[in-house]
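Notes to accompany the following structure.
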Amino acid sequence: MRESGDALVLLLAGGIGSRLNLLVGHRAKPAVPFAGLYRIIDFSLSNVMNSGLTRVGVLTQYKPLSLMAHIGSGEAWDFTGRTRGIKILPPRTGEKDSDWYKGTADAIRQNIDFVENNPADQVVILSGDHIYRMDFDAMLAYHQHKKADVTIGMMVVPKRDIHQFGAGIVDAENRIVDWEEKPAIPRTNLASMGIYIFDTRYLLRTLAQDREEVDFGMHIIPRAINEDRVFAYPFYGYWRDVGTIQAYWEANMDILRSGSGISPEEWEIRSNPEYGDRPMDRQAARFVSGCDVRSSMISAGCVIEGTVTNSVLSPGVWVRKGAKVHNSVIFHDSVIEENAVVDLAICDKRVYVHPGAVVGHGEQLHLTNKLFPKHLYTGITLVGKEARIPANARIGRNCRINFGFTKDDFSGSLELPDGESV
């Protein structure tokens, strides 16, 4: 009988995540705060822990320092001990500094020695930027039962979204018989979740065949389907790729909706309480007489004097008297001063909204951002880390406020029209 701890986990956490715009200006995408208390990578790490897997390599690349500090020794996820552990695996530069990870398969190939030094029958390859709960032990059992060379976690998505994913066509036994990578005109709505199980010997042999094959979805998987046994593992629970501003905001809002399927506490998701903002050291949230809080997640250390509706507040946020926060995600230690309004916005850490200012002003929700039309197009305004919105300013919809912004960055009027950036 196979033990889940026999498998080796490789967690891909090095993508640049540019579609998250300012949220990844100072951190790797998997290190972006989520749902108040967590980081995005906490979900993958907790799934690994809850599945009984004990050996993990985390492949980092872009802006890795905060991610590495957050993971630490791995103690928060029980990855410390004689037979368990977690290791950070940065790119191995060769003759040129540009010899970074060129794709998902190339990232694994550059760490073949880690695979060989941690003998296992199977290798589980995950992404560090998805929100979900999954039992990898059950998927490993399925892989073994099918006598598969490769098993891919897959789920049904709306056809309008399939262009964002690898798409698989399966037979009656769930064997994948054809593959389309981000198809413009899809023939299926069965999407890859970016979760792979490889037999270890098969993986090593495959990666050694052609070093020009740098990506699983584009190169490795299509060839494997033609030559070997590749199966789809059907997944029916909550899963979301939070790689865009819209998807990230929607996933945070799902936390607040009954029946959405996401529940970090029930999923036993852990974070690292010893890193960074140390939520465990903060006092309980304080709700001052006269405040109004509805359908919201309020974290430790918050002080609420005003109104908060349908919003997610990370630790230490202060909403002053008369202030209103609606449909928004507010990161750590931000302050919304008296009579200020934040409506349909994402504010990074230590943002200060001065009295009477409005972030998210007007009704033109679909006037896209001029510089980033594919990032900000549904009315969400993005405010960068440590920005200071001056008193009585009016910030429109789909706006982008750069990190460290101050009153001096305005040119003339304290009004920023819809779709503009400063």
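One chain, two ends: D6 and T83. Fully extended at 0.36 nm per residue, the span grows by 26.7 nm beyond their Cα-Cα distance. Ordering V308, W249, W267 by Cα displacement along the dipole of segment 185-337 toward the positive end leaves V308 in first place; charges were set at the Cβ atoms of Lys, Arg (+1) and Asp, Glu (-1). DSSP bridge analysis restricted to the chain gives an antiparallel fraction near 30%, rounded to the nearest 5.
Rolling a 1.4 Å probe across the protein heavy atoms gives the chain an accessible surface of 44 Å² per residue.
When the solvent-accessible surface of protein heavy atoms is calculated with a 1.4 angstrom probe, in what order do E363, E75 fall, highest first?
Numbers: E363 155, E75 130 Å².
Most to least solvent-accessible, the answer reads E363, E75.
Magnitude of the charge dipole for the chain, about its Cα centre and with charges confined to Cβ atoms of Lys, Arg (+1) and Asp, Glu (-1), is about 520 debye. Give the relative contact order (percent, whole number) for the chain; include only Cα pairs under 8 Å separated by 6+ residues. Computed over the chain, the figure is 12 percent.
What number does segment 283-340 give for Rg over Rh if you use C-alpha atoms and the Kirkwood radius?
Working: Rg = 9.5 Å, Rh = 10.6 Å.
Dividing the radius of gyration by the Kirkwood radius yields 0.90.
Taking 25 Å as the limit for the C-alpha separation, the pairs K29/K87; K102/K182; K63/K182 exceed it in the case of K63/K182. Hey, how much of the P(r) for the chain falls beyond 33 Å, as a percent of Cα pairs? For the chain, the share of Cα pairs beyond 33 Å comes to 37 percent. Take every Cα-Cα pair in segment 277-409 and report what % of them are more than 19 Å apart. In whole percent, the share of Cα-Cα pairs in segment 277-409 beyond 19 Å is 44.
I want to verify a result. In a Gaussian network model of the chain, Cα cutoff 10 Å, which of these has the top mean-square fluctuation: F231, F114, F331? Residue with maximal mean-square fluctuation among F231, F114, F331: F114.
What is segment 245-346 by shape, rounded, prolate or oblate, if you read a ≥ b ≥ c off the alpha carbon gyration tensor as root eigenvalues and call it rounded for a/c under 1.5, prolate for a/b larger than b/c, and oblate otherwise? In terms of gyration-tensor shape, oblate. The alpha carbons of segment 175-294 occupy a box of 67, 35, 24 Å along the principal axes, longest dimension given first. Of the residues Y142, Y248, Y101, the one that moves most in a GNM of the chain with alpha-carbon contacts below 10 Å is Y142.
Mind running the shape call on segment 108-151? Use the C-alpha gyration tensor, a ≥ b ≥ c as the square roots of the eigenvalues: rounded below 1.5 for a/c, prolate if a/b tops b/c, oblate otherwise.
Details: a/c = 2.28, a/b = 1.18, b/c = 1.93.
In terms of gyration-tensor shape, oblate.
Compute the helix-to-body angle for 245-256: its Cα long axis versus the longest principal axis of the chain, expressed 0 to 90° and rounded to tens. Long axis of 245-256 versus the principal axis of the chain: about 80 degrees. Using a/c under 1.5 as the rounded threshold, could you call segment 133-242 rounded, prolate or oblate? The axes a ≥ b ≥ c are square roots of the C-alpha gyration tensor eigenvalues, and prolate needs a/b larger than b/c, oblate otherwise. In terms of gyration-tensor shape, oblate. Put K159, K321 in order of accessible area, highest first, and with a 1.4 Å probe you get K321, K159.
Can you give the charge dipole size of segment 1-86 about its Cα centre, rounded to the nearest 20 debye, using +1 on the beta carbon of Lys and Arg and -1 on the beta carbon of Asp and Glu? It would help to have the intermediate numbers written out before the result.
Working: 9 positive and 5 negative charges, 57 e Å.
Dipole about the Cα centre, nearest 20: 280 debye.
Between R223 and Y275, the distance separating the two model label sites (each 7 Å from Cα on the Cα→Cβ line) works out to 3.5 nm. Multiplying the residue separation of R257 and A120 by 0.36 nm and removing their Cα-Cα distance gives an extension gain of 45.3 nm. Sorting D42, D113 on solvent-accessible area from highest to lowest, probe radius 1.4 Å, gives D113, D42.
Dipole check for segment 191-340: with +1 at the C-beta of Lys and Arg, -1 at the C-beta of Asp and Glu, and the Cα centre as origin, the magnitude is about 300 Debye.
The values are calculated or read from the model by the stated rules, or taken from the named source; none is laboratory data. This is a predicted model, so every value here is computed, not measured. Positions of Cβ are backbone-derived with ideal geometry, glycine not excepted, and every protein chain shown enters the neighbour counts. The protein model used for the area step is the full one, side chains on, heavy atoms only, and it has no ligands, DNA or RNA in it. Shrake-Rupley method; radii C 1.70, N 1.55, O 1.52, S 1.80 Å.
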